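The values are calculated or read from the model by the stated rules, or taken from the named source; none is laboratory data. Just so you know, these numbers come straight off a predicted model, no measurement behind them. Note: ideal-geometry Cβ built from the backbone for every residue, glycine included; neighbour counts use all protein chains shown.
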Amino acid sequence: MSDPVTIIANWLEGLLLGWGLSPLLATIILNAIGILVMAALLLVLDIFLVWVERKVVARFQDRLGPNRLGPYGLIQPIADVLKLLIKEDITPRGADRLVYNLAPILTLATVLLLWAVIPIMPNVVGTDLNVGILYLVAVGAIATLAIIMAGWSSNNKYALLGAFRTVAQMISYEVPMVIALLIPVLLARSMGVSDIVYSQEVWYILVAPAAALIFLISSIAEIGRAPFDLVEAESEIVAGFHIEYTGMKFGLFYAGELLHALTIGALFAALFLGGWSGPGVQAVPVLGVFYLLIKAFFIYWVIMWIKYSLPRIRIDHMLSFNWKFLTPLALVLLLATAIADKALEGSTTVVYILVMLGLNIVLVLGALALVRGYASKERQRVGEPKPVARPPQPTVIEQS
Amino acid sequence: MTPVQILFILVAAVTLGAALMVVNARNLVHAALWLIVSFGGVAVFYAMLNAGFLAVAQVVIYIGAIAILMIFAIMMTRNVAGDSSPRFNSSQIIGLVLALALFAGLVWMTLSWSGATTTPMPLDSRADPISQLGSALVSPDGYVLAFELASILLLGALVGALMIAWDRK
């Protein structure tokens, strides 16, 4: 019973073939069952995430969090879902009905689509695409589209402003994210997520810590969580793109955001923390799920930690941080990693890790020193006394 | 009919229908959204032809960049979204004739090509198409010249955009 997924799949396949179905039909039915089970498990996990999120926020803010319903408030998310379900469903006048209703579904669906390429244990992966990394980027593009659709179809100027900000933010942060994603691709010599997990004898966070950090930062910006929550800044544009959504439609956006954060954690785990790998996973493959979830939840916790510790950044800072810091740094890192990887061909693992680690640290420290120099110059410029407007001096007309 | 053929007919119908809606929709944002459905259909065709890289690149570039840029431009422009001017102008007959002639020409050219009627050889399942594509793009006897030219063109566009946006003090 070490690998229940394969056993159940083989048993079901045998059963279906025994009923006289053609092999193709049996494969289709098996895949459909797999998709349903995976999506259902993720959505149930999503309900649980509501509780995790509220409980962890409470710890960060020195409160108790939900603690009335059930042990440790565990039934609270069920109550939340019920509340969302029985709320009035409002479609604003002038809204584009079809697009308006499609947007929340698309938002949650894109998050579920990401799980298609994340390997959850050895030999168990939705589909082992050989272009897995590019697929992640493509799905991210559809997520951007869903938010634009929500913002535009609501017929509300705040929602539209939120959509504009989304485009600026998500498209900008896609650039450093893709470049940072290229580094594990380069190290693993493959774009398939499974291959990247398999080739991590040493976790890539040791070999490419800077790329991992850039991926984490730009992913947080992609989800639109604090400090990058300009998309739904309450004090500026009320709630941004989902201002008009009520009830379960809002719930889908909320669930999508929570699940997306955990998905980013799982992706980070797969790309930089060895995915399902851990002690004893070769003998008992099902342990891989637990290792993956532990790593994913750790990164999820880091994302929450960042969210509840940092204030929202200003929109021009958000763009400068991306274009003037993250993108150049990611490009230099990619070049340096490619050259170092080639130069270190044939060296021992320890030397390889130490040189790569040193290279990353030197590059990041260099970039930070450059930024610090620029910041002090900028501070001096801003701190200089400004010319003050004075009323014109009355000219004295000399009497002759 | 094999399942692949049924799938092909369904996807083709969706792609063509969406393309028709692009030119037929009154609302420009709707037209752009239909265009995205059409792009998605083309991506499914690529996937069905075992060209996974092309399929994903189609989604990234056409849906993720071009279509979103279009929607952004439309939303930034005032009063364009709800255009109520007539959808057909006086050159509709000429347009129809030209389109039909172009389509007939394309069909004729495709049918006169010997590859259109022969069944393609199945792909070697062990070969990795991505790494082959990658080496072909940078090998001297492959497409390195075209690849580098495209890179320089894009770099030129990048520098040009920078020059336009540069705030000279």
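Odds and ends about this structure:
- Summed over the range A:202-257, the residues that are closer than 15 Å to residue A:326 by Cα, part of a helix (DSSP H, G or I) and either small (Gly, Ala, Ser) or under 16 Å from the mean Cα position of the chain (by Cα) (or both) give a count of 13.
- Residue A:177 being within 14 Å of chain B (Cβ to nearest Cβ) and not in a helix (DSSP H, G or I): no
- Near pairs, Cβ below 8 angstrom, 6+ apart or cross-chain, from the range B:128-143 (of a type in the set (Ser, Thr, Tyr)) to any residue that is surrounded by 12 or more Cβ atoms within 10 Å (Cβ to Cβ): B:135/B:142; B:143/B:136; B:143/B:137
- Selection status of residue A:167, part of a helix (DSSP H, G or I), at the interface with chain B (Cβ under 10 Å from one of its Cβ atoms), among the aliphatic types (A, V, I, L, M) and closer than 18 Å to residue A:265 by Cα: no
- Scanning the range A:98-110 for residues that are within 12 Å of chain B (Cβ to nearest Cβ) and either over 15 Å from residue B:30 (Cβ atoms) or among the basic types (Lys, Arg) (or both) turns up A:106, A:110.
Conditions (1) in contact with a Cys (Cβ under 9 Å, 6 or more places away or on another chain); (2) at the interface with chain B (Cβ under 9 Å from one of its Cβ atoms); (3) surrounded by fewer than 22 Cβ atoms within 10 Å (Cβ to Cβ), marked per residue:
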| position | (1), (2), (3) |
| --- | --- |
| A:113 | no, no, yes |
| A:118 | no, no, no |
| A:125 | no, no, no |
| A:130 | no, yes, yes |
| A:142 | no, yes, yes |
| A:146 | no, no, no |
| A:159 | no, no, no |
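- Filter pass, residue A:137 being in a helix (DSSP H, G or I), modelled with pLDDT of 80 or more and over 24 Å from residue A:319 (Cβ atoms): no
- Some residue of the range A:258-266 being surrounded by fewer than 20 Cβ atoms within 10 Å (Cβ to Cβ) and part of a helix (DSSP H, G or I): no
- Being out of contact with any helix residue (DSSP H, G or I) (no Cβ under 8 Å at 6 or more places or on another chain), surrounded by 12 or more Cβ atoms within 10 Å (Cβ to Cβ) and within 25 Å of residue A:173 (Cβ to Cβ) is a description that applies to residue B:73.
- Failed item, numbered, when residue A:94 is tested on (1) surrounded by fewer than 12 Cβ atoms within 10 Å (Cβ to Cβ); (2) small (Gly, Ala, Ser); (3) not assigned by TED's automatic domain parsing to the domain that holds residue A:154: (3)
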